[in-house]
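J.: Attaching a single structure in structure tokens format; questions to follow.
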Amino acid sequence: SHTSSRLSAIDTIMVSNIEEVNLLFQEAISRGEEGIILKDMMAPWEGKRSKGVIKFNEEKTADLIVSWVEEGTGENEGKLGALQLSSVCGELKVKVGTGFSQKQRVDLFSDKIVGEIVEVGYNALITSKSKDTVSLFLPVFKGIRIDKDGANTLEELS
């Protein structure tokens, strides 16, 4: 790679699905690197935060409020499929359907969990073209926060 006093070329790898992105991210972490940057090849360069660029670094966590409970499908029929969550300010909304054990899918499938605070792991904040709220990229359920009585605001996570 060519290096000058001000610029240096970086390795570029084309990916076609989230599994390939995750693999590259895990490889970067295992090499002791901070993470990777995913860029939409069609997005123009901008000298500021851009919707065409997502930075993947070590997983972050958020404490969010359960808005509603969604029933699963297939093997999870009659059990928890996903939780719809939001920040206390309502500016962040996300549906999380991964990270649950089969026992949790049975135990948490109830409206009683609505209003509870749960911890979610994620990689980045993302905005959707169709919505006026922010969401989380790769959200994973971590657990119920019985020790907390308040959720995060979007500002706290930004």
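The values are calculated or read from the model by the stated rules, or taken from the named source; none is laboratory data. It should be emphasised that the depicted structure is a prediction, and the values quoted were computed from it without experimental measurement. Cβ atoms come from the backbone with ideal geometry, glycine included; neighbour counts cover every protein chain shown. Just so you know, the surface numbers come from the protein's heavy atoms only, side chains and all, with ligands and any DNA or RNA stripped out. Shrake-Rupley method; radii C 1.70, N 1.55, O 1.52, S 1.80 Å.
J.: Can you find even one residue in segment 9-18 that is assigned to a helix (DSSP H, G or I) and touching a residue at least 40 places away in the same chain (Cβ under 8 Å)?
T.: Yes, there is a match, as at least one residue in segment 9-18 is assigned to a helix (DSSP H, G or I) and touching a residue at least 40 places away in the same chain (Cβ under 8 Å).
J.: Which is over 20 Å from Ile117 (Cα atoms) and open to solvent by less than 70 Å² (accessible area, probe 1.4 Å), of Ala82, Ala62, Ala43?
T.: Answer to the selection: Ala43.
J.: Restricting the search to segment 114-132, which residues are modelled with pLDDT under 95 and of a type outside the set (Lys, Arg)?
T.: Across segment 114-132, the qualifying residues are Gly121, Tyr122, Asn123, Ala124, Leu125, Ile126, Thr127, Ser128, Ser130, Asp132.
J.: Among (1) touching a Leu at 6+ places or on another chain (Cβ under 8 Å); (2) surrounded by 12 or more Cβ atoms within 10 Å (Cβ to Cβ), which single condition is Ser158 missing?
T.: Here Ser158 clears every test but (2).
J.: Please count how many residues of segment 106-139 are touching a residue at least 60 places away in the same chain (Cβ under 8 Å) and under 18 Å from Val66 (Cα atoms).
T.: Going through segment 106-139 one residue at a time, the tally reaches 5.
J.: Could you check segment 98-109 and list, in sequence order, the residues that are in contact with a Leu (Cβ under 8 Å, 6 or more places away or on another chain) and either β-branched (Val, Ile, Thr) or buried (at least 16 other Cβ atoms within 10 Å of the Cβ) (or both)?
T.: Matches in segment 98-109: Phe100, Arg105, Val106, Leu108, Phe109.
J.: So, Lys112, is that one open to solvent by 80 Å² or more (accessible area, probe 1.4 Å) and either in contact with a Ser or Thr (Cβ under 6 Å, 6 or more places away or on another chain) or part of a strand (DSSP E or B) (or both) or not?
T.: No, not satisfied.
J.: Looking at segment 106-136, which of its residues are more than 20 Å from the chain's Cα centre (by Cα) and not hydrophobic (A, V, I, L, M, F, W, C)?
T.: Within segment 106-136, Asp107, Ser110, Asp111, Lys112, Gly115 meet the criteria.
J.: May I ask you to say which residue of Gly74, Gly78 is at pLDDT 95 or above, touching a helix residue (DSSP H, G or I) at 6+ places or on another chain (Cβ under 9 Å) and on the phi > 0 side of the Ramachandran plot?
T.: Answer to the check: Gly78.
J.: Let me ask you something else. Yes or no: Val94 under 14 Å from Pro139 (Cα atoms) and surrounded by 16 or more Cβ atoms within 10 Å (Cβ to Cβ)?
T.: Taking the combined requirement at face value, the residue satisfies it.
J.: On to the next question. Suppose we keep only residues that are free of Cβ contacts under 8 Å to residues at least 40 places away in the same chain and either on the phi < 0 side of the Ramachandran plot or assigned to a loop (DSSP other than H, G, I, E, B) (or both) within segment 140-155. Which one would you say is surrounded by the most Cβ atoms within 10 Å (Cβ to Cβ)?
T.: Ile144
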